[in-house]
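Shown next, in structure tokens, is the structure this report addresses.
The values are calculated or read from the model by the stated rules, or taken from the named source; none is laboratory data. Quick caveat: nothing in here was measured; it's all calculated off a predicted structure. Quick reminder, even Gly has a Cβ in these numbers, built from the backbone with ideal geometry, and neighbours come from all protein chains shown. The protein model used for the area step is the full one, side chains on, heavy atoms only, and it has no ligands, DNA or RNA in it. Shrake-Rupley method; radii C 1.70, N 1.55, O 1.52, S 1.80 Å.
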Amino acid sequence: MKKEKKLWLLFAAVMISSFSVLGYYGFEIYQQSPPIPESIISTKGDIIFTESEIKEGQNIWQSIGGQELGSVWGHGAYVAPDWTADWLHREASYILNIYAQDDFGKNYDAVTEEQQAALKVRLQNDLRTNTYNKSANTITISENRVEAINYLSGYYKGLFTNDPKFDKLRADYAIPVNTIKDEAKMHKMNAFFFWATWATVTERPNSNVSYTHNWPADDLVGNEPTMDLMVWSGVSIILLILCIGILVFYHVKSGEDESLPPPAEDPLLKQGMTPSMHLVKKYFWVVTLLMVLQMLLGIVTAHYGVEGDGFYGFALDKILPYSVTRTWHTQLAIFWIATAWLATGLYIAPAVSGKDPKFQKFGVNFLFIALLIIVLGSMAGQWFGVMQKLNLVNNFWFGHQGYEYVDLGRFWQIFLLIGLFLWLALMVRPLLPVLKRKTEEKNLIIMFLVSCSAIALFYASGLMWGRHTNLAMAEYWRWWVVHLWVEGFFEVFATVVIAFLFVRLGLLKTKTATLNVLLATIIFMSGGILGTFHHLYFTGTPKAVMALGATFSALEVVPLTLIGYEAYHNYKLSKATKWLEDYKWPIYFMIAVAFWNFLGAGIFGFIINPPIALYYVQGLNTTPLHGHTALFGVYGMLGIGLMLFVLRSLYRNVNWNNKLLKITFWSLNLGLLGMALLSLLPMGIWQAVESIEHGMWYARSSELMQDPTMIKLKWLRTIGDVIFAVGIVTTCWFVFDLTLKNKITKNN
């Protein structure tokens with residue numbers, strides 16, 4: 001008990017100190033974010049853009065898909081360009097041509113290298129000088145820059161409306177004709193693009209670094225990696241090596257986990273079944289159907305990379321544009337994984353106490369209906385938003401918020417938050433009587449409830465931005481949801497649930513499991529909470545955010561170095577006794593989680609985490625490489641594994657279709673590996689090389705992404721995708737075949 005108490009105190013200290021720092025620097029980001037002026041004026045005093053135009057332009061960008069149609073500050077989708085990198089390079093090239101024509105009567109590319117160097121210095125003095133007047137709340141820009149804005153406004157108007165000159169480029173970028181239907185809206189979106197680009201090149205007051213820490217890389221404007229990028233990248237690597245050494249030493253010294261001799265028969269056979277536990281099977285029906293739908297949308301979304309204006313000749317973009325299919329594809333991943341985990345919780349809570357509290361069955365049914373409404377309602381709202389059928393206010397509330405992974409409208413966010421608190425109540429009520437009995441499982445159950453509470457509570461951070469919140473602050477809060485909620489507290493929940501299942505199977509002592517869970521949570525949260533900052537290096541944040549993000553994101557990788565032991569340990573447990581063969585496939589999916597934790601979250605994550613790496617690769621295909629192998633490889637495989645554990649317990653005396661599960665397991669894992677190694681990794685490496693040599697604008701350009709060899713790499717993804725799709729279909733087949741053909745075994 002003494003050791004458990006120490007770990008609880010250490011856990012509390014880590015949480016309090018880490019969130020204090022996270023909150024403090026959130027306030028610093030608010031104070032130092034790129035200013036949105038009352039007006040942007042020329043040196044002649046003409047008003048070019050106003051504050052309201054910039055803010056409404058941000059809302060218009062969000063309404064057409066936002067981060068699901070290209071990216072801004074490196075965050076978003078990958079078929080269209082990063083609009084800030086694209087605008088910046090085009091603006092710089094246009095102004096350099098003005099200079100060269102005025103001075104030499106030639107375009108910039110035609111003058112000598114010495115002349116080009118002099119012109120670049122003049123350009124950088126113009127673009128990098130901060131002309132924000134705090135007292136007047138204005139930004140003043142040169143007449144050359146005004147001329148460039150007029151040119152670029154026409155360029156983007158043609159691209160986003162219906163100018164036939166842009167038909168091929170629109171297809172390359174998967175942007176439908178008349179994505180923006182109103183000329184006034186286009187003017188406002190250009191205002192937002194200009195402001196967001198202004199922040200990437202304009203130096204902070206009393207600094208020689210831009211608001212986005214000189215991102216994106218572009219030699220023309222002097223956006224080059226800084227000393228801070230180099231130093232903190234080095235620090236992160238040194239810390240990684242040091243802490244891995246310490247953790248391995250501790251692990252060797254502490255020895256193996258204390259396991260129990262396996263019981264003679266499955267302990268879950270003696271477990272009673274409550275009425276509410278029977279109801280979770282319909283959650284798994286939804287899980288598998290959403291998996292199939294997400295897979296189909298993924299096929300369409302990937303195909304838009306080679307045929308941006310249709311699907312094998314059919315003009316699909318007129319009814320389901322890329323920004324809609326990608327939105328649904330990424331959002332459904334969160335929905336089905338979360339549903340699998342929530343259903344597991346709904347099964348475990350009454351299983352511990354052995355009975356349902358009053359109205360538990362009603363609550364489980366009500367939550368199921370609420371989740372269906374949220375999924376279908378938010379998807380419909382996003383389609384209406386992208387198709388420009390909602391005004392900006394209604395779009396914010398019911399349509400498309402434009403922020404990746406939290407795209408659903410504010411009404412649906414609130415609805416989902418209420419649903420999560422309802423789920424939390426359904427978790428707490430059955431477990432309270434058990435806590436009062438002060439059983440040996442008390443600390444494990446408390447940790448389970450802590451993780452459940454955090455899942456409900458931390459989703460509320462998605463409500464912290466408003467319709468006109470500065471993009472820097474919106475990104476800060478968005479990553480609370482994506483990193484802390486999805487990657488953080490769901491990870492804690494998973495750790496507790498897996499430990500709890502092994503305890504219930506009689507394979508681990510309760511005390512051993514509790515200590516392991518507490519220690520794993522402390523180690524993960526020590527790096528994970530402040531590791532949130534590694535997503536915010538280039539989103540208008542101060543230098544300290546980079547230092548903290550680089551340091552603590554390295555610590556996130558440390559516990560993953562022992563993942564091989566975790567996989568081997570789970571494998572040994574699966575071989576401990578004859579009756580455990582029934583749990584072979586659930587445990588194999590846990591082994592797969594360990595593998596993808598190491599490869600997807602660990603290796604593919606760390607190669608893009610150091611500041612100097614992310615400076616060149618943010619927004620390239622190295623990001624979906626990490627995203628697919630970490631999100632599906634870790635959380636998706638775990639969701640399937642938990643679902644199979646519950647189904648094994650529900651259908652205790654049923655012989656499973658092991659051939660079908662074997663196909664499912666290997667198809668999902670080999671397909672995901674093929675997708676990563678045959679397509680996403682080589683594409684990402686190629687883009688990274690071009691980003692280092694030419695700049696981010698070129699790494700995302702149609703010239704590179706429509707190169708014949710690049711197109712072949714995109715098509716190579718089909719091999720992995722087809723194999724993976726087989727696994728998705730067989731998962732759905734297995735669940736429906738099992739649940740519809742067999743009855744749940746009653747209490748023994």
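Report whether or not Ala136 is more than 20 Å from His89 (Cα to Cα), among the hydrophobic types (A, V, I, L, M, F, W, C) and surrounded by fewer than 17 Cβ atoms within 10 Å (Cβ to Cβ).
So Ala136 fits the description; yes.
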On the basis of being outside any helix (DSSP H, G or I), touching a helix residue (DSSP H, G or I) at 6+ places or on another chain (Cβ under 7 Å), open to solvent by less than 10 Å² (accessible area, probe 1.4 Å) and modelled with pLDDT of 95 or more, does Pro216 make the cut? yes
Counted residues in the stretch 219-232 being open to solvent by less than 10 Å² (accessible area, probe 1.4 Å) and either at pLDDT 95 or above or within 18 Å of Asp126 (Cα to Cα) (or both) come to 2
For Val482, indicate whether it is touching a helix residue (DSSP H, G or I) at 6+ places or on another chain (Cβ under 8 Å) and either without any contact (Cβ under 8 Å) to a residue 12 or more places away in the chain or closer than 23 Å to Leu9 by Cα (or both). no
Flag for Thr514 being part of a helix (DSSP H, G or I) and under 26 Å from Lys6 (Cβ atoms): yes
Give the residues of the stretch 24-52 that are among the polar types (S, T, N, Q), open to solvent by less than 40 Å² (accessible area, probe 1.4 Å) and closer than 16 Å to Tyr537 by Cα, sorted by residue number. Ser33
Restricting to the stretch 162-185, what's the tally of residues that are more than 20 Å from Phe384 (Cβ to Cβ), buried (at least 16 other Cβ atoms within 10 Å of the Cβ) and touching a residue at least 24 places away in the same chain (Cβ under 8 Å)? 5
Scanning for something within 25 Å of His187 (Cβ to Cβ), within 33 Å of the chain's Cα centre (by Cα) and open to solvent by 20 Å² or more (accessible area, probe 1.4 Å), does the stretch 87-104 turn up at least one residue? yes
How do the helices (runs of 4 or more DSSP H) wholly within the stretch 350-444 filter down when requiring 1 or more residues that are within 23 Å of Val287 (Cβ to Cβ) and in contact with a Cys (Cβ under 9 Å, 6 or more places away or on another chain): which remain? 410-436
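Anything in the stretch 105-133 that is farther than 27 Å from Trp195 by Cβ, surrounded by fewer than 16 Cβ atoms within 10 Å (Cβ to Cβ) and not small (Gly, Ala, Ser)? List them, or say none.
Result: Lys106, Asn107, Asp109, Thr112, Glu113, Glu114.
Going by the conditions given, is Val503 closer than 21 Å to Met15 by Cα and either in a helix (DSSP H, G or I) or in contact with a strand residue (DSSP E or B) (Cβ under 8 Å, 6 or more places away or on another chain) (or both)?
Answer is no for this residue.
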Considering each residue of the stretch 450-472, count those that are open to solvent by 20 Å² or more (accessible area, probe 1.4 Å), touching a helix residue (DSSP H, G or I) at 6+ places or on another chain (Cβ under 8 Å) and not in a loop (DSSP other than H, G, I, E, B), and give that number. 5
(1) touching a Gly at 6+ places or on another chain (Cβ under 8 Å); (2) assigned to a loop (DSSP other than H, G, I, E, B); (3) not polar (S, T, N, Q): which one isn't true of Phe595, the others all being true? (2)
Apart from one, (1) open to solvent by less than 30 Å² (accessible area, probe 1.4 Å); (2) aromatic (Phe, Trp, Tyr); (3) at pLDDT 80 or above all hold for Phe524; the odd one out is (1)
Identify all residues within the stretch 233-282 that are touching a Pro at 6+ places or on another chain (Cβ under 8 Å) and either at pLDDT below 80 or open to solvent by less than 40 Å² (accessible area, probe 1.4 Å) (or both); write none if there are none. Ser233, Ser236, Leu247, Thr274, Ser276, Met277
Does Trp715 meet the test of being over 29 Å from Glu491 (Cβ atoms) and either open to solvent by less than 30 Å² (accessible area, probe 1.4 Å) or not aliphatic (A, V, I, L, M) (or both)? yes
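Looking at Gly354, is it of a type outside the set (A, V, I, L, M) and at pLDDT below 90?
The answer is yes for Gly354.
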State all residues of the stretch 576-590 that are of a type in the set (A, V, I, L, M), within 19 Å of Pro263 (Cα to Cα) and modelled with pLDDT of 85 or more; if no residue qualifies, say none. Ile587
